[in-house]
Structure formats: C-alpha cells, structure tokens
Amino acid sequence: MKLGKKAVSPLIATVLLIAFAVALGAVVMNWGRSYVETTAEYAERGSDIQILCSRDINLKVVDKVENSLCYNASEDKVEVILENAGTIDIEGLQVTIIGEKDINTTDLDESSIKIGHVKRFNLTYDNETMGNILEIKFVPKIKTATTKEPVPCANSPLRKTDIVECS
C-alpha cells in the first residue's frame, strides 16, 4: 500500500544530523570560551592583588618613638604612627578595633602613605561602649593595574595587641 509520501533519504538525513551537531558544538564552544576568558581574568586579577600584597606591602608601627601606638582615655582616641616600609604606595587603610564589648571597622579618610613615608593617625574610640582594646587590625589598600579603586590586602594586615595608655 502506497501512501504517496516521500521520506528523506538516509544520506541527506545523515548530513543534516552532522550539520546540526557541528552547529550545536560551535555554540557550546563559543559559550565555553567566553566563560573561560571571564574566569581567567577574574583569577588573574585576584592573584595579582594577592602577590602584590604579600610581596610588596610592609606596614609597620614606628617603634623608636614614644606613644607610637597608644590609647588616650581623656580624649577617647587611639594614636598611632605608621610607616610604609614596602615597595608600593598604600592608597588607604581599613582599621578594625576589637574591644571587649564590640568591634568597630572604619575606612580612614586621607590615609594614603607613600613608599618610605611615616604618618600619624588619631582614631576615635569610646572605651565605655567598646570596652578595653584587645586588638587593632590595619588592612592596607592598594591600586593595581587591573583595579580602578583601591582594594584591601586582607591577607596582609598589621595586627597589634599591645596597646598601652598614652603618657
């Protein structure tokens, strides 16, 4: 019994299946390439920052000066003198003060320190609400070739626990 329908020949069907597979493969490869490029760019930027932070950052409290890191109870402030002994400019500082009762994190305004320079900072600190200071953490921020804004060097903080009363 003949129904009057013609089927696609097996040769043409095979060619169509191969063409479809090649087109689908091209779409997947194109998507995969852009995904890999984006991921590689993100990883490169992160590794650049980590390398610069671990190799080129050396933030120190000046140790030969009296009251280079101390708490002034009468004025509710912490006084600190920091030196950039590294090989890259520090564009900013993020300071975390850990007290017995609370934790305070702030970004310091006007806190850039050029290579080899020393700078004094006065940090506001309320002993009543925060409690005695347990630790102060200074996180330097830097600019790299791949970043427009300063980024924190979270893996290279300067931590200090020996905060004394200013004399």
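Since every read-out is calculated from the coordinates, none of them should be taken as a lab result. What you see is a predicted model; the values in this text were computed from it and never measured. Neighbour counts run over all protein chains shown; Cβ positions are idealised from the backbone, glycine included.
Simple rule: put +1 on each Lys or Arg Cβ and -1 on each Asp or Glu Cβ in the chain, find the dipole, and look at 105, 164, 11; the Cα lying farthest toward the positive end is 11. 3J(HN,Hα) along the range 113-121, derived from phi through the Karplus expression 6.51 cos²θ - 1.76 cosθ + 1.60 where θ = phi - 60°, amounts to 10, 6, 4, x, 8, 10, 9, 9, 10 Hz, with x in place of Gly and Pro.
Taking Cα atoms of the range 27-80, Rg/Rh with Kirkwood Rh, to two decimals?
Details: Rg = 22.8 Å, Rh = 15.5 Å.
Expressed as Rg/Rh, it is 1.47.
Against the longest principal axis of the chain, how steep is helix 10-56, in degrees 0 to 90 to the nearest 10, with axes from Cα atoms? The angle comes out at about 10 degrees. When each of the peptides 132-144, 93-105, 20-32 is scored by how many other beta carbons lie within 10 Å of its residues on average, the order from highest to lowest is 132-144, 93-105, 20-32. Between residue 125 and 77, 78, the built amide H atoms are under 5 Å apart, and every one of these is 5 or more places off in sequence or on another chain.
Quick one: grab the alpha carbon gyration tensor of the range 1-101, order the square roots of its eigenvalues as a ≥ b ≥ c, and give me rounded if a/c is under 1.5, else prolate or oblate depending on whether a/b is larger than b/c.
Values: a/c = 10.17, a/b = 4.13, b/c = 2.46.
Taking the square roots of the gyration eigenvalues as a ≥ b ≥ c, the range 1-101 is prolate.
In whole percents, the pair-distance distribution calculated for the range 10-167 from its alpha-carbon pairs, binned every 5 Å from zero, is 2, 8, 14, 15, 13, 10, 7, 5, 4, 4, 3, 3, 3, 3, 2, 2, 1, 0, 0, 0. Label positions at residue 117 and residue 146, each projected 7 Å from the Cα along the C-beta direction, are separated by 2.8 nm.
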